[in-house]
Every structure is written in structure tokens, then in C-alpha cells.
1. Go through the residues of segment B:80-97 one by one and say whether even a single one is away from every other protein chain (no Cβ under 12 Å), closer than 17 Å to A:Arg145 by Cβ and either touching a Phe, Trp or Tyr at 6+ places or on another chain (Cβ under 7 Å) or touching a residue at least 24 places away in the same chain (Cβ under 8 Å) (or both).
2. All but one of (1) out of contact with any helix residue (DSSP H, G or I) (no Cβ under 9 Å at 6 or more places or on another chain); (2) surrounded by fewer than 17 Cβ atoms within 10 Å (Cβ to Cβ); (3) of a type in the set (A, V, I, L, M, F, W, C); (4) at the interface with another protein chain (Cβ under 8 Å from one of its Cβ atoms) hold for B:Ala35; state the number of the condition that does not hold.
3. In this structure, is A:Lys47 open to solvent by 90 Å² or more (accessible area, probe 1.4 Å) and among the charged types (D, E, K, R)?
4. Hey, can you tell me all the residues within segment A:143-162 that are assigned to a loop (DSSP other than H, G, I, E, B), buried (at least 16 other Cβ atoms within 10 Å of the Cβ), touching a helix residue (DSSP H, G or I) at 6+ places or on another chain (Cβ under 8 Å) and not hydrophobic (A, V, I, L, M, F, W, C)?
5. So how many residues does segment B:1-26 have that are small (Gly, Ala, Ser) and either within 11 Å of chain A (Cβ to nearest Cβ) or closer than 19 Å to A:Arg147 by Cα (or both)?
6. Collect the residues in segment A:206-222 that are open to solvent by 50 Å² or more (accessible area, probe 1.4 Å) and in contact (Cβ under 8 Å) with a residue 12 or more places away in the chain, keeping them in residue-number order.
7. Taking the conditions exactly as written (within 14 Å of chain A (Cβ to nearest Cβ), touching a His at 6+ places or on another chain (Cβ under 9 Å) and buried (at least 19 other Cβ atoms within 10 Å of the Cβ)), does B:Val76 satisfy them or not?
8. Touching a residue at least 12 places away in the same chain (Cβ under 8 Å) and open to solvent by 60 Å² or more (accessible area, probe 1.4 Å): is that true of A:Arg132 in this structure?
Amino acid sequence: MPFNMSETAVMVIYYAAFLGQIYLLSHYFPGRFIARVRYVIDNFPVKEYPKLYPNAGPNFAANMAGKLKLFRRVNNGIAIIGLLILAGMLGSGYRPDPLGGDEIFVMFYFFLQFIPFFIVAVKEHKQYKALRAAFKEARRTADLRPRHLFDFVSPVAVFAALVCFGAWLVYYLTVKGWDQPWEEEVYISVGMTTGMNLLYAWIIARFIYGKKLDPYQASKDYMKTVEAITKVLVYSSIGISLFHITTVAADEYALEAFDPVLTSLYMQYCVLIGFGVMLGTAKVEDFDFSVYREEGATDPGA
Amino acid sequence: MEIVIDIDAEEPLFAQLMAEIKRAVSAGGINPGDALPSIRQLANDLNLNNKTVAKAYQLLERDKVIITKGYRGTFVHPDARKNMDFDLNAWVAGQINQTINACREKGATDSEIRIAFANIMQNKPTAGE
């Protein structure tokens, strides 16, 4: 075992990481998400804010409550599956393969956990599409300040992302050997990671300079959303590079037994960054929902 | 500083945009030397065609309210507030009015003035050439 650790110690770390993954993805963040949606539905009902719900039917509130309950149950079910897998591992005396490869199970379980969020993302995309289709406002506003990348994320973070990417590239190619022909896997790995970073850069540029997803959204709220997305993608880029560096190092120094733990921690990092920054920066409580009110409606709080 | 345009208004969109930028400059919302958003950013934010914003910027640059510095972007002209006092449209109307009055004094009919004006605008040879 690596670092002269006992098998039990390695397994404790493994179970702790896996439990953390179950808790974060199938309990904590689903709960935060449900609370966020409930806050919007309870405080900004269809009757007073019809523009927010372009496809709302007659029983919208009841339907949404049912969907949120289903979302909670599905996540609970996935959490139970995870706990059963852990119990099965404990019962059968499972030990991760010292040569690595068991991280594939962690990834499969992560993808299972991600399914409810993927469905939510598809629904969100449809909601934005419906908002744009319903947008008939003649009055349009814009801020006269130019937007730049560093208005939304610190130059240090961007620099760190570039340095981490460069460090991974140099380290990876050094391990693979500069003086010998590279295998296909090297080109794929370099191409995919570079492509991923370029995709992130494109998405950031699209949000900073492109059209708003929600045409009703107030300028200051849109700025908060862009800030959150920019930070998430820059921090994710740092995470990807660090994860790749650690996995290459694990292979290099015979630490493959930690591959499942590293994979689980990386997935949790992505989710923590993704949800944490979005929920922390783009707080729904701070958003201006008056933009969704029907023209001529009075403010109940006034 | 936020600007507002109304796509249902009778005034052309580029003219509304020019007026809003001038209003922002005179109200102190943006100051001489301040950077302005790119054509693409403003067009996307207002959900307008890039050409509409480009036309407004072009006319504002002509009026020396804004200045374009190549790849660095577009800025409020250092003398924007002073230059905004000069209304080019009013000046053009005044000049043409003077010319038309002079023609009428010489006995030219409105029809003759209109034909001469159209020919000059279309670079066609006139009777005196």
C-alpha cells in the first residue's frame, strides 16, 4: 500500500470520500436546489409574476410541488443505492485494486447521481427558450459600461488556471517522454483537455458579450450570473489540471490505489465549485423579480 | 449608466441610441475618456442588429461625441460635452433654408429649386455647368 499505510487506512479514506460524494450530490445540493425553487415559487407566484412562468398551466404550483417531491425522492433513492454499494463493499471485504482502475465505479455512480441534475438543466434550457419566445417588451435597457473578463473573475485566478494547464501539459509530456514518439492516448488526452479549456473560454466569452439567456433579467442580476459562471469555469479549469497532475503522479509513483478517492474528490470539487459559487454569487434572494411582473400590477410589498 | 430604447417608438432606433448616449454624457453618467461597450455587446444587450449600433456609433463619431481608437475600443470624446452643443441637423436645416430663401428672392420656383437640389444630390450636371 502507498506511503506504508495500512489497508484499513486506505479503505477508511475511500469510504469517507465516497460518503462525502453521496452526501453532497444526493442530499445536500438537491436540498439547496429545492429550497431555491420553493423560495421563487412561494414569493413570486404565477398570478403576480406571469412573465416568469411562460408555460405555466392552471395547476402550476401543485405540479411544481409534485416535481420537487419527485426530484427529492429520486435523489434519496440514488443515495440509498450508494449506501447499499458501500455496505456491500464493507460486507464483502472489498479492497481497491492497487494497480488502479476501480475509479470507473466512482465515475459510474457520479453519472447516476448527475442524471436528476441533467434533467433539471434540460428543463432550465426549455424555460429560457420559452422566456425568449414570450419576450415582447418594447422597452429595452443596456448598461453603457464595457464588460471585460477581469470584471467577473480576478486576474490571479485566470493566471492560476493558465499556469496549472501549462504545468499539467509539461509534466504529462515529460512523463510520456519528449524524445520518443507519443502514443495515440497522449494526443487524445492533450487534445481533450485543451479542447475542454477552449470550450470554457468560449462559454465565458459567450456569456460576457453575448445575448442574455433570460431577456427579462435586470442588468445587475445578469452581471451576477455572468460572474458566477465565469468563476465556476475558471475554477473548474484549475481543478481539471490539478486532477490530471495528481492522476499522472499517482501512476508515476505507484499510488494507483488512491485513484478512486482522487476521482471522487475531483467530482466533489466540481460540484462544490459549480453549485457553491452559483448559489453563493447569484443569490436568488438578491435578484430583482419585479421585471417579471405584469404591466400595471401593484407591488404587494409597497 | 443604463440606457433605454423603445422599439415601438416612431423615432429610428439608431437615433434613440444616439440620443441616449448623449443624454448619458450630458448627465455625467459617463465622462469624457470613459470606455463604451463594443458594438456587439450593446447590440446583444438591446437585442438589436449590429448595423444599427454601428450606425449610431458612426454618427456619434462624426459629431465628435465618441472616438474610436482601433482595437482598444470606443471612448467618450474628450470634448464630447462641448461638441454636443453643436446640432448638425439644425445647422444643415439652417443652411438649406438660407439657400432656398436666396433662390426664391431671385425668382426661382419651388419646382426649379427641387430639381436643382435633386440633380446636385445625384451629381447630375445642372443648367449652369
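1. At the first step, the residues of segment B:80-97 found to be away from every other protein chain (no Cβ under 12 Å) are B:80-97.
From what is left, the residues that are closer than 17 Å to A:Arg145 by Cβ are B:80.
Of the ones still in play, those that are also either touching a Phe, Trp or Tyr at 6+ places or on another chain (Cβ under 7 Å) or touching a residue at least 24 places away in the same chain (Cβ under 8 Å) (or both) are B:80.
Among the residues of segment B:80-97, at least one is away from every other protein chain (no Cβ under 12 Å), closer than 17 Å to A:Arg145 by Cβ and either touching a Phe, Trp or Tyr at 6+ places or on another chain (Cβ under 7 Å) or touching a residue at least 24 places away in the same chain (Cβ under 8 Å) (or both), which makes the answer yes.
2. Answer for B:Ala35: the failing condition is (1).
3. Working: open to solvent by 90 Å² or more (accessible area, probe 1.4 Å): yes; among the charged types (D, E, K, R): yes.
Criteria met by A:Lys47.
4. Keep residues of segment A:143-162 that are assigned to a loop (DSSP other than H, G, I, E, B), which gives A:144-148, A:152-154.
Subsequent filtering for residues that are buried (at least 16 other Cβ atoms within 10 Å of the Cβ) retains A:144-147, A:152-153.
Right, trim to touching a helix residue (DSSP H, G or I) at 6+ places or on another chain (Cβ under 8 Å) and you get A:144, A:146-147, A:152-153.
Correct list: A:Pro146, A:Arg147.
5. Pass one, segment B:1-26, residues small (Gly, Ala, Ser): B:9, B:15, B:19, B:24, B:26.
Subset that is either within 11 Å of chain A (Cβ to nearest Cβ) or closer than 19 Å to A:Arg147 by Cα (or both): B:9, B:24.
Residues that pass the stated criteria total 2.
6. From segment A:206-222, those open to solvent by 50 Å² or more (accessible area, probe 1.4 Å) are A:206, A:209, A:211, A:213, A:220; that's our starting set.
A:Tyr209, A:Leu213, A:Lys220, listed by residue number.
7. Working: within 14 Å of chain A (Cβ to nearest Cβ): yes; touching a His at 6+ places or on another chain (Cβ under 9 Å): no; buried (at least 19 other Cβ atoms within 10 Å of the Cβ): yes.
It is false that B:Val76 is within 14 Å of chain A (Cβ to nearest Cβ), touching a His at 6+ places or on another chain (Cβ under 9 Å) and buried (at least 19 other Cβ atoms within 10 Å of the Cβ).
8. On the way: touching a residue at least 12 places away in the same chain (Cβ under 8 Å): yes; open to solvent by 60 Å² or more (accessible area, probe 1.4 Å): yes.
Answer is yes for this residue.
The values are calculated or read from the model by the stated rules, or taken from the named source; none is laboratory data. Since the structure is predicted, the reported quantities are computational estimates derived from the model, not experimental observations. Please note: Cβ atoms are built from the backbone with ideal geometry, for glycine as well, and neighbour counts cover all protein chains shown. Please note that ligands, DNA and RNA were not included when accessible areas were found on the heavy atoms of the full protein model with its side chains. Shrake-Rupley method; radii C 1.70, N 1.55, O 1.52, S 1.80 Å.
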